[in-house]
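Heads up: the structure comes next, in structure tokens.
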Amino acid sequence: MAKPAFDTLRALAIASQALGFILIITLETMMGDAARYWQGWTLAAMVATALGIALVRLYRRNKARKALARRLADDDGDA
């Protein structure tokens, strides 16, 4: 099975993590110690996004695996 040239989920994961880290650093720069609360929420959002992307990736992989198994079973039945 060939891998796609561009993986949208991987790009989304990288972009969301980069944006989160930029936001955390910006909050620290602008708010100082008062930013801790918002940095925690930002980190929680980053983790939730990463878990969501991982679940979508797992769902797509399992869906493709089942489709392949179904095709192979159909091919065996035709022979």
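Identify all residues within region 65-79 that are surrounded by 11 or more Cβ atoms within 10 Å (Cβ to Cβ) and modelled with pLDDT of 95 or more; write none if there are none. Listed by number, the list holds a single entry, Arg65.
Which residue is nearest to Arg61 (Cα to Cα), if the candidates are limited to region 9-48 and must be of a type in the set (Gly, Ala, Ser) and over 22 Å from the mean Cα position of the chain (by Cα)?
The extreme case among them is Ala35.
The criterion of being out of contact with any Phe, Trp or Tyr (no Cβ under 9 Å at 6 or more places or on another chain), open to solvent by less than 100 Å² (accessible area, probe 1.4 Å) and touching a residue at least 40 places away in the same chain (Cβ under 8 Å) does not hold for Leu58.
To keep it simple, each residue is scored yes or no on (1) in a helix (DSSP H, G or I); (2) out of contact with any strand residue (DSSP E or B) (no Cβ under 6 Å at 6 or more places or on another chain); (3) of a type in the set (D, E, K, R); (4) at negative phi.
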| residue | (1), (2), (3), (4) |
| --- | --- |
| Phe6 | no, yes, no, yes |
| Ile25 | yes, yes, no, yes |
| Met30 | yes, yes, no, yes |
| Ala44 | yes, yes, no, yes |
| Val47 | yes, yes, no, yes |
| Arg61 | yes, yes, yes, yes |
| Ala64 | yes, yes, no, yes |
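Could you go through region 8-16 and let me know if any residue there is polar (S, T, N, Q), assigned to a helix (DSSP H, G or I) and surrounded by 11 or more Cβ atoms within 10 Å (Cβ to Cβ). Yes, the conditions are met somewhere in region 8-16.
The values are calculated or read from the model by the stated rules, or taken from the named source; none is laboratory data. Here the structure is a predicted model, which is why all the values come from computation and not from measurement. Please note: Cβ atoms are built from the backbone with ideal geometry, for glycine as well, and neighbour counts cover all protein chains shown. SASA here: full protein model, heavy atoms, side chains in, ligands and nucleic acids out. Shrake-Rupley method; radii C 1.70, N 1.55, O 1.52, S 1.80 Å.
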